[in-house]
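First comes the structure, then the notes that go with it.
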Amino acid sequence: KIKNVSTWYPVQKNFWGQPTSFVKAVNDISFDIYKGETFGLVGESGCGKSTISRTLMRLDTPTSGEIRYKGRRIDGLNEEELRALRKDIQLVFQDPFAALHPLKKIGDAIVEPSYVHGLIDGKEAQKERAFQLLEQVGLGPAYYHSYPHQLSGGQRQRVVIARSLATDPKLLVLDESVAALDISVQAQVLNLLNDLKDKLQLSFLFISHDLNVVKYM
């Protein structure tokens, strides 16, 4: 539940360091996302869609309003509490190439969230989990030792989706997640997302400027 949320960035301060003017990136936004729902958030470039996703993930701090997850307020959580929350809420970025470390193998990139959150232990368990996630997104174990530059744009986005699933999340925040892909590849990735949503009982916050893509989802 997003209730009357604003995220403002100070652009000018007075002599005492107090903000005197702001960029109102998000101003008084409210909406609810229900379990198993795909919620489409539509708007043109620069209207604050990505700020909403960053605020919901608590990468940015809201200036005012409330954010609740399963009834619990999350806009005031400390770092330890946020780490636990982020197992349930994962972000899929727009640019899959920028989202992957160029010198890290695909298999290591995919299981990194599981390792960070202490969900798996030992090299063999990590490798097995990476194989499982690669299969889920239609790539397979053959990509385990590949590097990002060796993959196509659609394959890289599948890797980013696989990494977002590593913590068994309940909500995926998809921020223009197919905007950088060709039309034919977009359709494949959208179909994959819908299949995963049904199979894993996920909820989506689907952010886009493209009405046709939102209608399809």
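The values are calculated or read from the model by the stated rules, or taken from the named source; none is laboratory data. Just so it is clear, the model here is predicted, and its values are computed rather than measured. Cβ placement follows ideal geometry from the backbone for every residue including glycine, while neighbour counts extend to all protein chains displayed. These accessible areas exclude ligands, DNA and RNA; they are computed on the full protein's heavy atoms, side chains included. Shrake-Rupley method; radii C 1.70, N 1.55, O 1.52, S 1.80 Å.
Quick one: if you stick a label point 7 Å off each Cα along the C-beta vector at N4 and D32, how many nm between them?
1.7
What ranking, highest mean first, results for peptides 190-199, 104-113 when packing means the other Cβ atoms within 10 Å averaged over each residue?
Values: 190-199: 15.4, 104-113: 20.0.
Sorting 190-199, 104-113 by mean packing, highest first, produces 104-113, 190-199.
In whole Hz and in residue order, list the ³J(HN,Hα) couplings for region 122-133 that follow from phi through the Karplus curve 6.51 cos²θ - 1.76 cosθ + 1.60, θ = phi - 60°; x for Gly and Pro.
Each residue of region 122-133 in turn: x, 4, 5, 5, 5, 5, 4, 5, 4, 4, 4, 5 Hz.
Starting from 0.36 nm per residue, how many nanometres of slack lie between Q132 and Q150 once their C-alpha separation is accounted for? Kindly include the intermediate steps, with their values, before the conclusion.
On the way: separation 18, 0.36 × 18 = 6.48 nm, distance 2.06 nm.
Roughly 4.4 nm would be gained on extension.
Over region 116-217, with the other protein chains present, what is the accessible area per residue in square angstrom, probe 1.4 angstrom?
47
So, with a 1.4 angstrom probe, what is the percent of accessible area on region 1-73 that is carbon and sulfur?
That share works out to 51 percent.
Once both labels are modelled 7 Å past Cα along the beta-carbon direction, what's the R68-F97 spacing in nm?
If labels sit at R68 and F97, their model points lie 4.4 nm apart.
Apply the Karplus parameterisation 6.51 cos²θ - 1.76 cosθ + 1.60, with θ equal to phi minus 60°, to every residue of region 186-200 and state each ³J(HN,Hα) to the nearest whole Hz, in sequence, with x for glycine and proline.
So the J values, rounded to whole Hz, are 3, 4, 5, 5, 5, 5, 4, 4, 5, 5, 5, 4, 5, 5, 9.
Once every DSSP H run of n ≥ 4 in the chain is given -39500 (n - 2.57) and the sum is divided by its residues, what mean residue ellipticity at 222 nm do you get, rounded to the nearest 500 deg cm²/dmol? Please report the intermediate quantities before stating the final value.
Numbers: 8 runs with 80 residues, N = 217.
My calculation for the chain gives -11000 deg cm²/dmol from helical runs alone.
Ranked by accessible surface with a 1.4 Å probe, highest first, in what order do R156, R83 come? Walk me through the intermediate numbers first.
Working: R156 40, R83 125 Å².
Listed by decreasing accessible area, they come as R83, R156.
Which whole-Hz couplings ³J(HN,Hα) result when phi for each residue of region 29-44 is put into the Karplus expression 6.51 cos²θ - 1.76 cosθ + 1.60, θ = phi - 60°, listed in order with x for Gly and Pro?
Along region 29-44, the couplings run 9, 9, 6, 10, 10, 9, 4, x, 9, 9, 9, x, 10, 10, x, 6 Hz.
Please compare each pair in K24/K105; K13/K87; K1/K197; K70/K105; K24/K197; K49/K104 to a cut-off of 28 Å on the Cα-Cα distance and tell me which ones are over it. Please report the intermediate quantities before stating the final value.
Details: K24/K105 39 Å; K13/K87 37 Å; K1/K197 20 Å; K70/K105 35 Å; K24/K197 33 Å; K49/K104 30 Å.
Result: K24/K105; K13/K87; K70/K105; K24/K197; K49/K104 exceed 28 Å.
If you take every residue apart from V137 with its C-beta less than 12 Å away from the C-beta of V137, what net charge results, scoring Lys and Arg +1 and Asp and Glu -1? Walk me through the numbers before you get to the answer.
Details: positive: R156, R158, R163, K199; negative: E135, D195.
Overall, the nearby charge balance is +2.
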